[in-house]
Structure formats: structure tokens, C-alpha cells
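As C-alpha cells, the structure follows; a few thoughts come after it.
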Amino acid sequence: MDQEKLVVSKKRVADHGEVYTAKREVNAMLDLVKQETERIDSRFLEPACGDGNFLAEVLERKFCIVKNRYGKNQPEFERYAVVAVSSLYGIDILEDNVSKCRERLFRVFDDRYIELYGDKTKEECRNSVKYLLERNIIWGDALTLNTVGKNSKPIVFSEWSPVNSTMIKRRDFSFRELLSHAAIKELPLFSDLGEDVFIPDPVKEYPVAHFLRISDAK
């Protein structure tokens, strides 16, 4: 029987403490919040996302719901697929992990998309998903709250909120500000649990945009 590869190299373990969590353990942990993993719009942040073990499993669960509810209606499937992808956030200090995580999450989406619609799939939907993954999966350090690489700067996350059946509103928030208030530390990123939750002012707001053209909002 093939064994899951849980270590990339001894050097990466020594330098970064990088050890992957096995699929069985990932699912056991996600089962503790099973109801949230099956909500299409529930938001998840993995501050050391690696190549996406946790986020990929969450997205697989969300896509099971999207497929079952909207698989017979392509525009609805596309809309909720974009919402599902927009709900996942990750940070990793290693650039190759960030690239692998984005690619892995895109494959989860694209495999389902092609399976359902074949040559009727749309590049503009793929482009929206790729754009979301570029924005939401960040090469950064969750301890310093800054990006990694040249011109390091504070991590900024985008909140993507459906406005109606076709439009999405983007607001950017400083990750440091999101964590600065004690009330939010025990709550999901961009929690919508009510008035008692502190949400800082966004660093930037964008006009609403069609979910297939979210990268056009300036």
C-alpha cells in the first residue's frame, strides 16, 4: 500500500517545521466542524497552509454541496463555485507551497467543472477562480503578519461578499487589524455573527462586479 508523503525533506522540517498532516487526520479534524465545511460561504483561514491539505478537503466538501444543489444549472453552479473558492484563505512562508496550493485548489474546481459541463465550460469562470486564489493564498509569514520576498508589506486579505444573483463586492482588510481586537481572535475571518464582533475599517473598497469579471473592479 502506498504511504502518504508527510515530509518533503529533513532540511525543510529543520528550517520550517514542515510536516504534512495525513488525509485521515485532516478529515477527522474537519468532521469536528462538519456543518461549517458544508456551508458554501463559510470562511476558512489556514495560517500555515502548506500545499493545501486542509483547504483542498474543505473545498471538496463545499463542491459536493454545490454540485448536488446547482449541478443542473450551469450559471448557478458557476456562481456558487466562485463563492466557495472565495471563502478559503491561506498563508505559507514557502513560495513553492503557495504555488502548489493555488494549483491544487484550482484543480478541485476545474475537475468538477469539466466533469459537469465539458466543452461548455467558460474561461472567464476559470479566470475568476484563478484571480481569487492569487488574492486569497498568500506568500507570507503568519507570525510577522507580513508578506515574504522583495518589498515585504503587511498582509492584506480580501473579503468577497455576494450582493445579488450575479454581483460580488470586494473589500480589503489588513490582517493585522483583523487580529488586533480580542473579540475576533476566536471567530472566523470576516465573521458575520453580529454586532458584537469588531470589524475594522477596510483599507480599500471596490465597486461591485459580476462574479465572472471580479478582476475588473478597480
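At-a-glance table
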{"read-out": "E60 accessible area, 1.4 Å probe, all protein chains in place, Å² to nearest 10", "value": "70"}
{"read-out": "Under 10 Å, Cβ to Cβ, from Y70 - net charge with Lys/Arg +1 and Asp/Glu -1", "value": "+2"}
{"read-out": "Segment 206-214 - phi-based ³J(HN,Hα) in whole Hz, Karplus 6.51/-1.76/1.60, Gly and Pro as x", "value": "10, x, 4, 9, 4, 5, 8, 9, 5"}
{"read-out": "Burial order of peptide ranges 100-112, 144-156 (average beta-carbon count within 10 Å, highest first)", "value": "100-112, 144-156"}
{"read-out": "Beta bridges per DSSP with both ends in segment 19-171, % antiparallel, nearest 5", "value": "55"}
{"read-out": "Under Karplus coefficients 6.51, -1.76 and 1.60, residue-wise ³J(HN,Hα) of segment 140-146 in Hz, glycine/proline x", "value": "x, 10, 6, 8, 7, 6, 10"}
{"read-out": "Local net charge near T37, Cβ-Cβ under 11 Å (Lys/Arg +1, Asp/Glu -1)", "value": "-1"}
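The values are calculated or read from the model by the stated rules, or taken from the named source; none is laboratory data. As the structure is a prediction and not an experimental result, all values here were calculated from the model. Here Cβ is always computed from backbone atoms with ideal geometry, including for glycine, and neighbour counts include all displayed protein chains. We work out accessible area using only protein heavy atoms, side chains counted, and drop any ligands, DNA or RNA first. Shrake-Rupley method; radii C 1.70, N 1.55, O 1.52, S 1.80 Å.
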